[in-house]
Amino acid sequence: MSSSELNAVDSAEHIPGWGFSSGARLLFAIAVTFSAFQLWTAAYSPLPSQVVRSLHVGFLLLLLFGLYANAAPRASTTRTLMWSMAVLAFVVSLYHWYFYNDLILRAGEPTLPDIIVGIIAVGLVFWAGQRMMGWTLPLICVIFLFYGLFGQYLPSPLNHRGYDFEQVVEVLFLGTEGIYGTPIYVSSSYIFLFILFGAFLERAGMIQLFNDVAMGAVGSSRGGPAKVSVISSALMGTINGSGVANVVTTGAFTIPLMKRSGFKPAFAGGVEAVASMGGQIMPPVMGAVAFIMAETLGLPYLEIVKAAIVPAILYFITVFVMVHLEAGRLGLKGLPKAELPSALGALRKHWYLILPLVALVWLLFSGYTPLFAGTVGMGLTALIILGVPVSSRMPMAVRVLFWVALGLMSAAAFSTSFNIFGFEIRGITLILLLLTALVLINFTVRGGRATLRLCLESLAEGAKNALPVGVACALVGVIIGVLALTGAGSSFARVIVSVGENSLFLSLILTMITCLILGMGIPTIPNYIITSSIAGPALLQLEVPLLVSHMFVFYFGIMADLTPPVALAAFAAAPIAKESGMKIGMQAVRIAVAGFAVPFMAVYAPVIMLQEGGALAESMGFWPAFAYMIGKALLSIIMWGGAAIGFLRGHLKIWERVWAFLAAAMMLSTYPLSDEIGFTACIAFIVWHWWRTREPAMKAA
């Protein structure tokens with residue numbers, strides 16, 4: 001894998017660290033300030049959205065270029081250049097704040113300084129994108145940029161009417177559809193908060209808690225270590241929407257464990273890659289794309305969660321079944337129970353870490369905005385972390401009273417404001433006052449200073465972890481701006497619609513291939529934005545519900561990170577598994593094979609995503625159709641698992657694997673009587689396989 005491809009990994013692991021120099025301390029302070037700025041704007045919205053977006057990008061580039069500068073040799077040209085670019089990027093980000101009123105008054109009539117600063121800003125975003133993700137995404141954006149500038153010279157129907165250079169720069173820099181468009185708005189409001197939320201929970205011990213719960217729950221069962229990987233990655237997905245980050249965090253523990261228990265290195269890496277990528281579709285937090293999707297479609301985030309929950313569960317069931325069957329094929333046992341932690345014991349010891357997640361879920365499902373839910377969830381997490389050393393020296397009765405009082409006061413934050421002693425105070429302000437009090441107390445109690453240091457490190461790490469997502473959101477704004485200016489997406493949409501007039505299935509295949517090809521070089525966020533901008537409207541014209549079409553694109557954007565030749569999640573697992581990334585990618589496709597079918601099932605039967613519509617729901621009713629599709633999906637997963645692994649109750653011969661595969665495929669077909677033929681073939685196969693592997697037959701063999 002090339003260095004540029006390695007840089008495309010949507011994790012902050014490859015970004016230079018803080019180090020120990022004076023420059024490192026400065027960067028650490030910048031990262032903490034960045035996080036504090038984002039929390040301040042999230043809690044109080046003191047600045048216009050356009051200003052917040054610009055400063056968000058400014059902080060991203062300041063921190064990114066600064067980290068690369070600090071990693072360069074002292075007194076080198078690279079170090080000087082990177083620090084210069086870092087400072088320049090932040091100064092440019094102040095332009096929208098300083099000239100905010102003037103920019104509104106002269107909207108549509110940019111001045112020469114506007115154009116010059118715009119060119120610098122766009123150029124810096126391109127450079128940051130290249131440093132962050134390699135050349136693939138910047139080159140794609142350059143193609144779109146050149147199309148906006150010179151597309152009028154292309155033959156019909158690819159050409160457009162032509163736009164002045166100033167118009168293109170204005171759209172990309174001064175408008176809300178360029179580098180400061182919807183993706184960076186979502187990054188600056190929702191995504192950063194949830195990344196910070198995950199950073200606090202991880203440093204507080206959530207990873208260890210998830211691993212202990214998973215180990216205690218399934219570690220002793222057949223293929224237990226691999227099942228631990230599936231469950232811990234699913235749980236991590238609830239707080240961390242970055243698939244590749246999940247690979248390098250949970251995989252560092254689970255992949256060696258799977259290898260020691262008897263799984264082959266490629267399979268172990270494949271399990272971790274597939275399970276970790278599923279974190280992006282695992283509610284309640286999901287991946288950054290979910291927030292962008294909600295903003296793009298103008299839907300409450302809860303609607304995205306509702307559409308994602310069943311496919312996410314089916315996805316992880318697929319991986320779980322594959323692991324179980326592979327362990328059976330190899331004759332592997334679980335780990336000794338005596339060596340495993342207690343799941344209940346782990347929960348009893350660290351139950352308080354679950355509270356912020358519970359509060360977050362409750363707020364999201366109660367109709368609060370992700371911005372409010374994330375802010376309150378972040379505040380509750382900090383309260384718990386800071387409260388532990390304060391209460392640790394208290395007698396039990398006093399400790400209980402302390403936590404009850406803290407909980408009651410924190411509950412006030414669930415309201416936007418409340419009245420106390422005649423003063424109206426916002427709920428989030430009460431949390432801020434409580435945090436201030438706990439910070440001061442922590443200076444005086446044993447272990448308090450270490451806890452304060454942990455909080456500062458969490459703020460800094462959260463800012464660093466936001467770099468890949470934020471830079472990708474800014475850079476992909478170039479594509480959105482050009483598409484909005486020229487309407488180029490309609491050309492590709494017409495191709496999909498023309499294909500779909502003859503076959504919706506072929507249109508879906510074309511869209512899937514587009515997602516997989518784009519995903520070979522760019523992260524999930526730009527992949528989703530590009531394909532949804534082009535394919536979403538086309539699928540809508542083919543009567544696919546808009547949310548379902550966007551989830552279809554989202555799903556295959558994730559699967560692209562598992563698909564060779566550039567399977568980013570597989571290559572992230574390669575150094576841990578000590579195996580070829582290509583071999584891990586092939587195993588990942590084998591493990592996730594049934595998962596490729598779920599988005600297609602959702603298009604033809606939207607009930608799987610809890611959406612109205614579809615011929616099946618109209619004929620059977622919503623809930624009967626839902627139950628029917630879930631049963632069909634589960635049966636298909638088992639049959640495809642047997643075909644891919646070559647084992648169910650016993651080993652399968654080649655012709656039996658073909659039988660199982662075709663039976664499952666028939667259930668997913670849309671031809672007349674295909675369901676009936678598929679179910680009959682599945683039942684016949686199960687009866688045959690049970691009869692062949694029954695106890696007397698096994699003994700005779």
Filter the range 612-647 for residues that are among the hydrophobic types (A, V, I, L, M, F, W, C) and free of Cβ contacts under 8 Å to residues at least 12 places away in the same chain; the one that is nearest to Gln587 (Cα to Cα) is Ala627
Checked Ile530, Ile496, Ile522, Ile517 against criteria (at pLDDT below 80 and not in a helix (DSSP H, G or I)); the one match is Ile522
Given (1) surrounded by fewer than 22 Cβ atoms within 10 Å (Cβ to Cβ); (2) more than 24 Å from Ser458 (Cβ to Cβ); (3) polar (S, T, N, Q); (4) modelled with pLDDT of 85 or more, Ser366 misses just (4)
Exception for Ser221 within (1) within 20 Å of Ala327 (Cα to Cα); (2) part of a helix (DSSP H, G or I) falls at (2)
Conditions (1) at pLDDT below 90; (2) within 30 Å of the chain's Cα centre (by Cα) -> Pro155 fails only (2)
The helices (runs of 4 or more DSSP H) lying wholly within the range 343-408 that contain at least 2 residues that are within 21 Å of Ala42 (Cα to Cα) and in contact with a helix residue (DSSP H, G or I) (Cβ under 6 Å, 6 or more places away or on another chain) are 354-365, 370-391
query = So is Met286 part of a loop (DSSP other than H, G, I, E, B), under 12 Å from the mean Cα position of the chain (by Cα) and hydrophobic (A, V, I, L, M, F, W, C) or not?
reply = yes
Flagged in the range 43-66 as within 28 Å of Ile431 (Cβ to Cβ), part of a helix (DSSP H, G or I) and not hydrophobic (A, V, I, L, M, F, W, C), in numbering order, are Tyr44, Ser49, Gln50, Arg53, Ser54, His56, Gly58
Can you say whether Gly151 is over 26 Å from Leu103 (Cβ atoms) and buried (at least 20 other Cβ atoms within 10 Å of the Cβ), as far as the supplied structure shows? no
Of the residues that make up the range 276-290, is at least one over 30 Å from Ile608 (Cα atoms) and of a type outside the set (Val, Ile, Thr)? no
| query | Based on what the data block shows, is Gln167 surrounded by fewer than 24 Cβ atoms within 10 Å (Cβ to Cβ) and at pLDDT 90 or above? | reply | yes
Counting only residues that are closer than 13 Å to Leu475 by Cα, touching a residue at least 40 places away in the same chain (Cβ under 8 Å) and in a helix (DSSP H, G or I), the range 126-170 contains a total of 14
Flagged in the range 98-125 as β-branched (Val, Ile, Thr) and in a loop (DSSP other than H, G, I, E, B), in numbering order, are Thr111
Notebook entry, point to check: Just a yes or no: is a residue in the range 576-585 within 30 Å of Leu257 (Cβ to Cβ) and under 18 Å from the mean Cα position of the chain (by Cα)?
Noted result: no
Counting only helices (runs of 4 or more DSSP H) wholly inside the range 585-657, the ones holding at least 2 residues that are surrounded by fewer than 18 Cβ atoms within 10 Å (Cβ to Cβ) are 615-620, 622-645
Exactly one of Leu201, Leu172, Leu137 is assigned by TED's automatic domain parsing to the domain that holds Ser35, at pLDDT below 85 and in contact with a Leu (Cβ under 9 Å, 6 or more places away or on another chain), and that one is Leu137
For the range 374-433 the number of residues that are of a type in the set (S, T, N, Q), under 23 Å from Gly198 (Cβ atoms) and modelled with pLDDT under 80 is 1
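The values are calculated or read from the model by the stated rules, or taken from the named source; none is laboratory data. On a predicted model such as this, the values are computed, not experimentally measured, just so you know. Virtual Cβ from ideal backbone geometry, glycine too; neighbours counted across all protein chains shown.
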